[in-house]
Structure formats: C-alpha cells, structure tokens
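The values are calculated or read from the model by the stated rules, or taken from the named source; none is laboratory data. If you're wondering where the values come from, they're calculated on a predicted model, not measured in any experiment. Here the Cβ is made from the backbone with ideal geometry for all residues, glycine too, and neighbour counts use every protein chain on show. All accessible areas refer to the heavy atoms of the entire protein, side chains included, with ligands and DNA or RNA removed. Shrake-Rupley method; radii C 1.70, N 1.55, O 1.52, S 1.80 Å.
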Amino acid sequence: MRKCIATVSVSGTLTEKLAAIAAAGFDGVEIFENDLISCPLSPERIRDRAADLGLGIDLYQPLRDFEAAGPATLKHNLRRAERKLRLMERLGAGTLLVCSSVSPEAADDDELAAAHLHALAELAARHGVRVAYEALAWGRHVNDYLHAWRIVQLADHPNLGTCLDSFHILSRGSDPIGIEAIPGDKVFFLQLADAPLPAMDVLQWSRHYRCFPGQGGFDVPGLVRHVLNTGYRGPLSLEVFNDVFRQSDARRTALDAMRSLIALEEALDRRAPGPVIPTGFAFAELTTGTATAVRTGGPSAGDTVPPASGAAATLVGLLAALGFTRTGAHPTKPVEMWEQGAARILLNATGTEAALAAIGLETPDPAASVRRAEDLLAPVLPRERAPEEAPLEAIAAPDGTQIFFCRSGRPDHPDWTGDFTRAPAPPTTPAATTPAAMAPATVRPVPVSSPSSGCVTRVDHVALTQPWHHFDEASLFYRSVLGLRPLESVEVPEPSGLLRSRAMAGPDEGVRMVLNQARVGAGQTPWQHVALACDDLRGLARRLRAEHPGLLLPIPGNYYDDLEARHDVGPEIRELGLLYDRDEHGEFLHLYTITVGRVFFEVVERSGGYRGYGAANAAVRLAVQHARGAGTA
C-alpha cells in the first residue's frame, strides 16, 4: 500500500519537510494548510518540487467549520471552498479533508449538514477533487465516525466520502468493528496515529501527544484490519500532532515514521515472519575512558599487565568485588573480558568516560536479526575484524548504543568468545581512587586475579537513558526490531521533577530493558546501568559491606522506616542496605553500586516470579545519586 505522511508530523519548512519525507521512502504527503501558507514557493513550484522528489500530494487539509451553518455563513464557506479548490488544482492534490464543525454557530441538524456537504462535493467535482469528511473527536455535534458516515450517506454524492482517523476513533473508545459497514469505495482516506492513554482533554491530547503507530497504547493494527475489510485500498497515511516531533530533526522523525508503517504492515500480515527474538544477553560493554590492562596485540607468554588507573581501576575493583574474574583479552583491540556465571562484562579502553557503549544479544540467527534491522531502517555499523576473528554484526540504537547479535558457544556458528585469549593475571589492583562525590576513600584493594565466591548468574536487564526527544523512537525501535513488549510508562519523582521510564521485555523475559527519558537542562549527565541477577543477594551484600563498603550506594534510614511500615520485613534488609519490593507474583531484593562516569551496577534477586524492576524504590536511588553529585538516570 502507498505510504503517506502529513507535513504537520515533522519539523522544518515545507521544502525541508518534503525532502525529509522523500528521503525516508514515503510515496506521498498530506499538505497541511499552515505549511503551504508560510512557504514562499508557488503551488505549482511546490507540486513540481514534490514530483521531483518522487512524492504525490494525496491530500490537502483541513477545511474547517463548513457544514450546518446559517445561510450567510454557508455563502462565505462556499466562496472559501472555491478558492481552496482552485489552489488544489494548482497543487495537483486530489482530495480535500473537511473536519466536522466545532463552530458554536453549527446546528445539530444532520440533514442540513448533508445538504451543505452535497453542495461542497458538487463544487469539488468541477475541479476534479474528492471531499473526505472526518468526525473530530471534539466536534460540536459530529464526533463519531459512524455519525459522519450517516451524514455522507444522506448527502449522497459520488465525490463525497469519509476520512477515518485512528486517533479520533480510538480516543473516544469507539468500537472500530463498525467500520466494516462502510463500503471501501466510500472510505476516501485513512489517517493513522497512536497515543499514550492519559486522562486529559481530548483536544489537548490530540494536538500535543499523538505518536506513530506502535509508540502508544491504541490498537492501530486492529482498526486498520477493519478498514481493509471494507475493501479500502488507499494509502496508509500518518497524521501526528506532537510537540516533540515538531522540535526534532525532520529526517530522523520521517525515518521513525516510516519504520512505524513498515512494522504496522507486518502486524497486518499474518504470514510475515516477525522479529528474531533475542534469548538473553551475551555481554555488556563498558568504555573506561582510559588505557586499561589490555594493550593492542594482546598479552604474550610471560607478559605482565600493568595495573589500571582512574575510572578503569574503579570498574576493575567493582567487578572483582562483585565476584567477576578477568578471563581474557582481545588480541587486536584494547578490550578485556570479565565473567561470572553466564554474565560477561567487556571493558574497552576507549571513549572519553566510563559508559555503557554496547550490548550483545544472544539470537538463534544473527544474520536474520541484522536483515530485519536493516528492513526496519536501523543503521548497520561498519566493523573491522581480522580474518581469523568471528563475524559479529552490530546496529545502532536511537541513542547510539551499539547492539551486537551473537550466537555464543554453539558448534554451528563462529563463537566470538574464542577471539579472546586467556590473559595472564595482572598484579593486585591498588585501591580505587575516586572523587569524594563518587565514593569514599575506604575502597579496599581487590586482587582481580582471584575470583570471589560470587553469586551472579547472568545479566538481568540493562537501563538506557534516552534523549528526551528520542524516547518514543527508542520504544518503537526495540519493539519492532527486537520484538520486545513495552509495559506502560511510569513517572518516577526525582530531585529535578519527574522521570519518565518504560520497561520492555521479550516474551520469555530473557532480555529485559528499561528506557529512561533524560531531563532537559544544561549540565545533566545521563546515567546507564547494568543489572545483574544474583541467587544470594544477602550473602553478597554481607560480604560487600564487610570488605568493600565504599562500593555500595548508601540508603537513607528514612527509607527503611517507611518500608517497615508498609511491609513485614525483618531488620536484615536495613542492616544489609538492601532495597525491597513485591508484586502479586513475588518479591524483589536489590542494591546499587557507586556511579563511575555514567555507569553503575545494580544487583537483583527475584523470587516467586516477580516481574517488575523495583520502580517503587527508584526515587530513593535517584535522590541519593543526585546528592552525591552524579548526573541524571
């Protein structure tokens, strides 16, 4: 099907919007009146510019407050419509969108409305234009799509049909099954938008919070199926009013829009293969911002490896204290591998600071995962590798995080872990020296060559902070490319306001992610963190408090006073500095480490099928981190 988008959905001037829309691969556009009015080009030059870009002009919109008015107003409206129809001929636009009236003058009279629309359709026919009548969700008298259809039937003109808009239908809670009663040849246009499900005035909801299909809470695919069952074969067109999109890069927004339509078409096709679901985390890769214990070329027999310093030393100390062992070094890249159970952390001596730079995902078919990502317009990252190294393809997520697709430890696929040579034991790492705001000076030295009796079993989830204007884009990316299911977004109080957060997980919860929205403001550093699953968190906490107390984030006593009032927990939770949560499925214990650069660790223990992420405790963690001088989650 043709794919279109309204110019109001992206930022910029009309010419910039057309260029971005064409670059994203759209077939056509809806030209919004305000965009045309403010454009210095003539309608003919706009038509030619669109044609040169390979774009058709499928719709011109909107003509407002037309029907069911008094005689004098009708005369004025017909004059206004005549001018618009001449303009549309010059533009080469074949369909005019007419919204149901919101004017206080409009009468609650379906027959009068039908008569006025018949007159408009007659006028439009002389210019070769069709009129698509749309029920606004806040229309004065017509606010339901079936009501609009009844008026179209009463008007009975071949150049008059209806426009169906997913937002106006679903925002009112209307049942879209009624769409199938409308003949497909009378559905002149289909506009699509998703939206979150807030409780607010529907007009404000529509004008500021629409989003692309797959980014909100509406069942847009279900509605489109009903439309297609009518026989409709017109374009799938996006009409999205969103304050964030109007401030974002137009080309990026247009690509995100196209991704949403590709994913929507897949959802409509029951024969489509769907995403290759990742089954777990292969690794999390942290940059250290300084030279670590690995040097390019890897270790040779008899080598001694110099100790790390700065952020690298702190990360090494954290990993060793948590029970990880340094198990290998890459022969051609400054990367170390640390392991415990099925959890792998890579330390990469590049970048300007400590940060979570990449994640590896286990997938049954890495090549198919990459092909799907390309089909959904995700950039595949170039990667240099030696001939003997295993192929390992990566794509870029919206925030720049690299995502690698792996198939580890399988005889039928090259194993990337074989690229790491077993490293000689480095000397004992000196006490991690960290700024006072990050950790007290009581961090003790940890011999990284000696694995502790740790309890970490795997990576439980990763938390990635998204730029405020890319949050919805990231949600759609992980949903469509990786097949992760989004949960409802939540708002968590923190010292500078509210933090928006959304968890996503695969069907078997082998891969879990949390997306956090960065605050707007100067000097804010977005945090990231890796959460590690543990089968004896009490034991780990007891050992860390005894041996490395400076590595743990301190929790205020007031938290435990409140916790003990809400839940029947013993004193051990307070004594060990743990945080606690529960849901209808089970219980959750967790702790946090200090922050190094932009990254910190969380260690979690789930019991009884707990499905959450400890969101009830996030405000406490954020407040403590803020007080200690770190950035924003």
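Tally time: how many residues in the stretch 528-577 are open to solvent by less than 30 Å² (accessible area, probe 1.4 Å), farther than 19 Å from Phe600 by Cα and small (Gly, Ala, Ser)?
Result for the stretch 528-577: 1.
Only strands (runs of 3 or more DSSP E) wholly contained in the stretch 339-422 count here; list those with 3 or more residues that are modelled with pLDDT of 90 or more, under 24 Å from Arg259 (Cβ atoms) and open to solvent by less than 30 Å² (accessible area, probe 1.4 Å).
355-362, 394-396, 402-406
Kindly provide the set of residues from the stretch 52-103 that are under 21 Å from Phe26 (Cβ atoms), open to solvent by less than 60 Å² (accessible area, probe 1.4 Å) and either touching a Ser or Thr at 6+ places or on another chain (Cβ under 7 Å) or not hydrophobic (A, V, I, L, M, F, W, C) (or both), ordered by number.
Gly54, Gly56, Asp58, Leu59, Tyr60, Gln61, Pro62, Gly92, Gly94, Thr95
If you go through the stretch 268-279 one residue at a time, how many are within 16 Å of Arg2 (Cα to Cα) and touching a residue at least 24 places away in the same chain (Cβ under 8 Å)?
Result for the stretch 268-279: 1.
Do we have Ala320 as among the hydrophobic types (A, V, I, L, M, F, W, C), farther than 21 Å from Leu532 by Cβ and either assigned to a helix (DSSP H, G or I) or open to solvent by 20 Å² or more (accessible area, probe 1.4 Å) (or both) here?
When the stated conditions are applied, Ala320 does not pass them.
For the stretch 557-633, give me every one of the helices (runs of 4 or more DSSP H) that falls completely inside it and has 2 or more residues that are farther than 24 Å from Val456 by Cα and more than 25 Å from the chain's Cα centre (by Cα).
In the stretch 557-633, 557-566, 618-627 are the helices (runs of 4 or more DSSP H) which contain 2 or more residues that are farther than 24 Å from Val456 by Cα and more than 25 Å from the chain's Cα centre (by Cα).
Do you know which residues across the stretch 142-180 are open to solvent by 60 Å² or more (accessible area, probe 1.4 Å), in a helix (DSSP H, G or I) and free of Cβ contacts under 8 Å to residues at least 40 places away in the same chain?
Residue satisfying the conditions is Gln153 alone.
I'd like to check something: does the stretch 232-240 contain any residue that is open to solvent by 10 Å² or more (accessible area, probe 1.4 Å) and either at pLDDT below 90 or not in a loop (DSSP other than H, G, I, E, B) (or both)?
No, there is no match, as no residue in the stretch 232-240 is open to solvent by 10 Å² or more (accessible area, probe 1.4 Å) and either at pLDDT below 90 or not in a loop (DSSP other than H, G, I, E, B) (or both).
Would you check if Arg246 is at pLDDT below 90, within 27 Å of Leu356 (Cβ to Cβ) and basic (Lys, Arg)?
It is false that Arg246 is at pLDDT below 90, within 27 Å of Leu356 (Cβ to Cβ) and basic (Lys, Arg).
Could you list, in sequence order, the residues of the stretch 386-416 that are charged (D, E, K, R) and touching a residue at least 40 places away in the same chain (Cβ under 8 Å)?
Listed by number, the residues that qualify are Glu389, Asp399, Arg407.
Considering each residue of the stretch 476-498, count those that are aliphatic (A, V, I, L, M), open to solvent by less than 70 Å² (accessible area, probe 1.4 Å) and not in a loop (DSSP other than H, G, I, E, B), and give that number.
Qualifying residue count for the region: 5.
For every residue, the table says whether it meets (1) under 21 Å from His470 (Cα atoms); (2) crowded, with 21+ Cβ neighbours inside 10 Å.
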residue	(1), (2)
Ala6	yes, yes
Val10	yes, yes
Leu14	no, yes
Ile37	no, no
Leu41	no, no
Arg47	no, no
Ala50	no, yes
